[in-house]
Amino acid sequence: MADRKLFTFVSMLIGISIFLIYSLSVYTTILFGVNEFHFAIRQTAFGFLSILIIWLLAQGDPDKLLTPIGFTLFIGSAILMIAMPFLPGFLVSAVGGAKRWIKVFGFSLAPVEFFKVGFVYFLAWSFSRRLGHHGGMGVKEEFIRFTPYGIVFILSMFIIAFVQNDLGQVVVLGLTLLFMLMFAGSSFRFFLTLMIGAVLFFLFFIFTAEHRILRIKSWWALAQNSVLEIFPEAVAARLRVPTEVEPYQIGHSLNAIHNGGLFGVGVSNGTFKLGFLSEVHTDFILAGLAEEFGFIGVLVVVSIFILMLQRIFKIANRTDDSRIYLFSLGIGFLLAFAFLVNAYGISGITPIKGISVPFLSYGGSSILAASVGIGMVLMASKKIKMD
């Protein structure tokens, strides 16, 4: 039997999401001239569809279905992402010049969200067949063994970061790959070497795009005062950037969090959702949650999220199948890193990456893809004795 506790925790997050989006999208509905329930109804539809997908996948036979589903997601989504720049405008939606969404029956779906789940399954399937413990191998030998995966990742990174102009997804995928590789049996020395290489690649992507440089400057304008005070004044003066590039969105996000205090200002009483945070029901949903429900509300949501991750990692820990072990870990890492990247961004710790909060942020692609991943983990859990 599939793990009921995991199913329950995910369903709770989806339910909270619908409630939050109704409360937080009030200004956006007025701005776009739509019904006050517009976003809530759409999220409800995606929420129920997601729960249905999870339940249906949980009924499947993991020995027969995991591999076909995983490779369909991996290969199919990759083909769509490559083809999207060449598709006509009526089939794709573009933001900032990048075509990221395909229009399906009046909705826009982002193939990259489904690609992430397929990519994790591909890594789990392949690592379980080809990788084992490093057994005293040198870093050079481990690099040779890792090369095929590195090539696949670099190609994926090129498509996502350059073609789709979405560096945030590359960060989440890169972190997931590194940690899956470590749990697949690579040495810590090799892990550290790849981590350093990943940071260098990340810096390369930043400094090859002007809008990313401006985003880093915008973030630094907010963080610089607390950081530069530990440096000598001569050094601090050279590192300081003009305050006119201060990120107003992050400033409003921090003010919303501060305004919420311990218990929040109450349902629908938040003020920063009224045009100050333009993406409050998507990328800044945690800031909206903090303002209306306070620290206690955030603590409840984070606790449910942690309990969900704990069930995923317990499934990984209890299985004897290395493929299921790595896939479950990968899905857990994928969700955890997305949550952390978003939380760090809205609190000003790191630059904003445009990553949605799994199961909470408004958007069909994110919630459906995450649900497919959870459904596959639940399917795999049928082979494991859970308490």
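Annotations
- Screening PHE179 on (1) within 17 Å of the chain's Cα centre (by Cα); (2) more than 25 Å from ALA370 (Cα to Cα) shows it passes everything except condition (2).
- Taking the range 85-166 as the region of interest, none of the strands (runs of 3 or more DSSP E) fully inside it holds 2 or more residues being open to solvent by less than 20 Å² (accessible area, probe 1.4 Å), in contact with a Phe, Trp or Tyr (Cβ under 8 Å, 6 or more places away or on another chain) and modelled with pLDDT under 80.
- Hey, ARG42 touching a residue at least 12 places away in the same chain (Cβ under 8 Å), open to solvent by 30 Å² or more (accessible area, probe 1.4 Å), part of a helix (DSSP H, G or I) and farther than 26 Å from TRP125 by Cα or not: yes
- The residues listed here are GLY70, GLY47; of these, the one that is among the small types (Gly, Ala, Ser), assigned to a helix (DSSP H, G or I) and more than 20 Å from SER328 (Cβ to Cβ) is GLY47.
- Being touching an Asp or Glu at 6+ places or on another chain (Cβ under 8 Å) and not acidic (Asp, Glu) holds for only one residue in ASN317, ASN259, ASN255, and it is ASN259.
- Residue in the range 63-79 that is open to solvent by 50 Å² or more (accessible area, probe 1.4 Å), at pLDDT below 95 and closer than 22 Å to PHE158 by Cα present: yes
- Flag for LEU274 being in a loop (DSSP other than H, G, I, E, B), touching a residue at least 40 places away in the same chain (Cβ under 8 Å) and open to solvent by 60 Å² or more (accessible area, probe 1.4 Å): yes
- Among residues of the range 28-42, those that are touching a Ser or Thr at 6+ places or on another chain (Cβ under 6 Å) and modelled with pLDDT of 90 or more, counted: 1
- Residue among ILE30, ILE16, ILE53 that is closer than 17 Å to GLY373 by Cβ, open to solvent by 40 Å² or more (accessible area, probe 1.4 Å) and in a helix (DSSP H, G or I): ILE53
- Looking only at residues of the range 326-364 that are surrounded by fewer than 21 Cβ atoms within 10 Å (Cβ to Cβ) and of a type in the set (Ser, Thr, Tyr), we find that the one that is nearest to the chain's Cα centre (by Cα) is TYR344.
- If you go through the range 1-27 and pick out every residue that is more than 21 Å from ILE54 (Cα to Cα) and touching a residue at least 40 places away in the same chain (Cβ under 8 Å), you end up with 7.
The values are calculated or read from the model by the stated rules, or taken from the named source; none is laboratory data. Here the structure is a predicted model, which is why all the values come from computation and not from measurement. Ideal geometry is used to build each Cβ from the backbone, glycine not excepted, and the neighbour counts take in all protein chains shown. These accessible areas exclude ligands, DNA and RNA; they are computed on the full protein's heavy atoms, side chains included. Shrake-Rupley method; radii C 1.70, N 1.55, O 1.52, S 1.80 Å.
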